[in-house]
Amino acid sequence: MFLPPARPNIERVTPYKPGKPIEEVVRELKLKSPVIKLASNENPLGPSPKALSALRKALLQSHYYPEDTCYYLRKKLSEMYEVDYDSTIVGNGSVDLIYMTCTAYLDPGDELIMTRGAFIIPKIGATIMNARVVEVPPNNYRHDLPHMLDAITLRTKVIYIDNPINPLGTIVTRKEFNDFIARVPDRVLVVLDEAYAEYITSREYPRGLDYYNQNYNILILRTLSKAHGLAGIRVGYGFAKPQIIANLMKVRLPFNVNRIVQAAAIAALSDTRHIQRSRKVNDAGKVLFYKEFKRLNLFYLESFANFVFVNFPFDSQLVFEALQRKGVITRTIKEYGFPNALRVTIGKENENRRFLKALAEVLEVLRTSPPGG
Ligand SMILES: *Cc1c(COP(=O)(O)O)cnc(C)c1O
């Protein structure tokens, strides 16, 4: 039977592979003990309580279409961050904003530069547009900004940098970013994805808004999926010059951020207490992870985010599966080019301890009877 052909480049798209949902693991393995998920960098403290009460209230208005411009939410962002209203945009998660950028800026044959192994969504977005994805290898597990500059050609339209980089957790420093952005030609849009910004207190960390204020052609992306605990209802936001925002607004799906989410996001942005608690739990968990990884003699990267990259002397799929049988879901990152590593989200203290105990047991078994030998 003949099937309608899709656009040829759609053949090249590898669909995004999210972390396994708890429900799926329970179903597949028929597990009884409570399953914990440390796979998708979700907030172990749950949603901001302020957001929850706003959600409940907004539900009653569900029969009305949302306000399409997201006026109050963008107004809130503009006041909070002291940027013009016209410089703000919100999306159905920040992945929505990444797709809008690809749709608005990439013609077939144009180039998007990113780090090999960075967050994969821009790669998918660019491939859908039939643009060329130029992947610069990381240098010592960090973005290699000088080589990204070298990769710029006349076809380069977008450079995507996630800072910290997911799934590695390392950052580019303020000094490195200063040197970089000053050398990017004006015709290239720099997308700086700061999904984990709320977790970071280091003075070394460059703040995207400083560069927006210096008039660079930069699009700053933020999300409420991580520190605000709203991954499940999908909302992200961005800042850029009004002309850049206007282009993104043209390709946006109408009503991309629903009424309930708009209300929840406004409340969550004000919930500084929830953010502080989340940061504290995260910092404490990180220390615990490092200590145990050291004891177990595992290579790991110091993370600026809410997850840690840890490497094994063999295929991490084995560790992943063994942990899963013990009711702990982590994340393999083969498709990012790291076949021996896991990315583990930092949880609450009891979850972290359960994961570390399970890991020690799993490694004990794998090390006494190594796979294939
Ligand atoms: C988690 C994450 C996001 C968040 O995406 P949402 O669509 O806002 O949930 C964006 N960028 C990076 C690098 C991330 O790790």
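Can you give the % of DSSP beta bridges in the chain that are antiparallel, to the nearest 5? Each step should come with its number before you reach the end.
Details: 19 of 38 bridges.
Close to 50 percent.
Give the long-range amide H neighbours of Thr223: residues separated by 5 or more places, or on another chain, with amide H under 5 Å away, using H modelled in the peptide plane at 1.01 Å from N.
Amide H neighbours of Thr223, under 5 Å, 5+ apart: Tyr237.
Using only the alpha carbons of region 312-373, determine the length spanned along each of the three principal axes and report them from longest to shortest in whole angstroms.
The principal-axis extents, from largest down, are 35, 28, 16 Å.
Per q in 0.27 1/Å, what log10 I(q)/I(0) does a Debye calculation on the alpha-carbon atoms of region 238-313 return?
-1.18
Calculate for the chain the 222 nm mean residue ellipticity that helices alone would give, adding -39,500 (n - 2.57) per DSSP H run of length 4 or more and normalising by residue count, nearest 500 deg cm²/dmol. Walk me through the intermediate numbers first.
Working: 13 runs with 146 residues, N = 373.
After summing the helix terms and dividing by the residues of the chain, the value is -12000 deg cm²/dmol.
Within a Cβ distance under 9 Å of Ala39, other residues only, what is the Lys/Arg minus Asp/Glu net charge?
Details: positive: Lys20, Lys37, Arg331, Arg343; negative: Glu42.
Summing Lys and Arg as +1 and Asp and Glu as -1 gives +3.
If N is the number of residues in region 55-143, what value comes out of its Cα radius of gyration divided by 2.2 N^0.38 Å? List each step's numbers first, then the result.
Values: Rg = 17.5 Å, N = 89, 2.2 N^0.38 = 12.1 Å.
Normalised by 2.2 N^0.38 Å, the Cα Rg of region 55-143 equals 1.45.
Once R0 is set to 35 Å, what does the formula 1/(1 + (r/R0)^6) return for the Cβ-Cβ distance between Ala360 and Arg207, expressed as a FRET efficiency to the nearest 0.05?
Details: r = 38 Å, r/R0 = 1.10.
After rounding to 0.05, the efficiency reads 0.35.
Return the inverse of the average 1/r over all pairs of distinct C-alpha atoms in region 151-222, which is the Kirkwood hydrodynamic radius, in Å to one decimal. Before the final figure, lay out the partial values.
On the way: mean 1/r = 0.0793 Å⁻¹.
Roughly 12.6 Å, rounded to one decimal.
What translational diffusion coefficient, to the nearest whole µm²/s, does region 103-162 have by Stokes-Einstein, given a Kirkwood radius computed over alpha-carbon pairs, a temperature of 20 °C and 1.002 mPa s viscosity?
On the way: Rh = 11.4 Å.
Translational diffusion coefficient: 188 µm²/s.
Per residue of region 101-106, in order, report the coupling 6.51 cos²θ - 1.76 cosθ + 1.60 (Karplus, θ = phi - 60°) as ³J(HN,Hα) in whole Hz, putting x for Gly and Pro.
For region 101-106, the Karplus curve yields 4, 4, 5, 7, 10, 10 Hz.
Looking only at Arg207, Arg183, Arg279, which one moves most when the chain is put into a Gaussian network model with springs between Cα atoms under 10 Å?
Arg183
Have a look at Pro18, Pro138, Pro167 and tell me which one the Gaussian network model of the chain (Cα, springs below 10 Å) gives the largest fluctuation.
Of Pro18, Pro138, Pro167, the most mobile in the Gaussian network model is Pro18.
Remind me, relative contact order of the chain in percent, using alpha carbon pairs under 8 angstrom and six or more residues apart? Working shown, then result.
Numbers: 663 pairs, mean separation 86.9, N = 373.
Computed over the chain, the figure is 23 percent.
Taking θ as phi - 60°, what are the ³J(HN,Hα) couplings along region 163-178 by the Karplus curve (6.51, -1.76, 1.60), each to the nearest whole Hz, with x for Gly and Pro?
In residue order, the calculated couplings are 10, x, 7, 9, x, 9, x, 8, 10, 8, 7, 4, 4, 5, 6, 4 Hz.
Could you give me the percent of Cα pairs per 10 Å distance bin for region 100-241, shortest bin first, beginning at zero and ending with the bin that holds the maximum distance?
Over region 100-241, the share of Cα pairs per 10 Å bin runs 12, 44, 37, 7, 0 percent.
Report, ordered by chain and residue number, the aspartates and glutamates lying within cross-link reach of Lys250, taken as a straight Cα distance under 17 Å and ignoring same-chain residues fewer than 8 apart.
Glu67, Asp68, Asp86, Asp96, Asp107
If I model a spin label at Gln61 and Ser78 as a point 7 Å from the Cα along the Cα→Cβ vector, what separation in nanometres do I get?
Here the modelled spin labels are 1.8 nm apart.
In a shell of Cβ-Cβ distance under 11 Å around Ser303, excluding Ser303 itself, what net charge do Lys and Arg (+1) and Asp and Glu (-1) give? Walk me through the numbers before you get to the answer.
Numbers: positive: Lys286, Arg343; negative: Asp283, Glu302.
With Lys, Arg at +1 and Asp, Glu at -1, the neighbours total 0.
Taking 1 over the mean of 1/r across every pair of different Cα atoms in the chain, what Kirkwood radius in Å do you get? Walk me through the numbers on the way to the answer.
Values: mean 1/r = 0.0461 Å⁻¹.
Value: 21.7 Å, from the Cα pair sum.
To the nearest 10 degrees, how steeply does helix 49-59 sit against the main Cα axis of the chain, on a 0 to 90 scale?
For helix 49-59, the angle is close to 60 degrees.
Excluding residues fewer than 8 places away in the same chain, name every one of the aspartates and glutamates whose C-alpha is closer than 17 Å to that of Lys291.
Asp283, Glu302, Glu349, Glu351, Glu361
Number of Lys pairs in region 27-119 with C-alpha atoms less than 26 angstrom apart, excluding same-chain neighbours closer than eight positions?
Values: Lys37/Lys50; Lys50/Lys75; Lys50/Lys76; Lys57/Lys75; Lys57/Lys76.
The result is 5.
Just add up the charged neighbours of Gly337: K/R +1, D/E -1, any other residue whose Cβ is under 13 Å from the Cβ of Gly337. Intermediate results must be reported in sequence, preceding the final value.
Details: positive: Arg116, Lys123, Lys334, Arg343; negative: Glu135, Glu335.
It works out to a net charge of +2.
Could you give me the ³J(HN,Hα) list for region 215-227, computed from phi with Karplus coefficients 6.51, -1.76, 1.60 and θ = phi - 60°, whole Hz, x at Gly and Pro?
Couplings: 6, 6, 7, 10, 10, 9, 10, 10, 9, 9, 6, 9, 4 Hz.
Return Lys157, Lys334, Lys291 ranked ascending by Cβ neighbour count within 10 Å, so the fewest neighbours appear first.
Ranking Lys157, Lys334, Lys291 by Cβ neighbours within 10 Å, fewest first, gives Lys291, Lys334, Lys157.
For region 1-137, calculate the relative contact order in percent as a whole number, restricting contacts to Cα pairs under 8 Å that are 6 or more residues apart. List each step's numbers first, then the result.
Values: 97 pairs, mean separation 31.7, N = 137.
Result for region 1-137 is 23 percent.
Amide H to amide H, which residues 5 or more places from Asn340 or on other chains are under 5 Å from it, using H placed in the peptide plane?
When sequence neighbours closer than 5 places are left aside, the close amide H contacts are Ser316.
Please figure out what share of the DSSP beta bridges in region 143-280 is antiparallel and state it in percent, rounded to the nearest 5.
Values: 4 of 13 bridges.
Taking every DSSP beta bridge within region 143-280, about 30 percent pair in antiparallel fashion.
Scan around Gly347 for amide H atoms under 5 Å from its own, H built in the peptide plane at 1.01 Å from N, and keep only partners 5 or more places away or cross-chain.
Answer set, sorted by chain and number: Asn352.
So for region 53-172: antiparallel DSSP bridges make up what percent, rounded to the nearest 5?
Working: 1 of 9 bridges.
Bridges in region 53-172 are about 10 percent antiparallel.
Please find, in a Gaussian network model of the chain (springs between Cα atoms separated by less than 10 Å), the residue of Leu342, Leu145, Leu318 whose mean-square fluctuation is greatest.
The residue that fluctuates most here is Leu318.
Return one quarter of the surface area of the convex hull spanned by the alpha-carbon atoms of region 24-99, equal to its mean projected area, in nm². Write down the numbers at each step before the final one.
Details: hull surface 33.8 nm².
Orientation-averaged projected area of the Cα hull: 8.5 nm².
Only the coordinates and a few stated rules stand behind these numbers; no lab work does. Every value quoted in this text rests on a predicted model; they were computed, and no experiment measured them. Cβ: placed from backbone, ideal geometry, glycine included. Neighbour counts: every protein chain shown.
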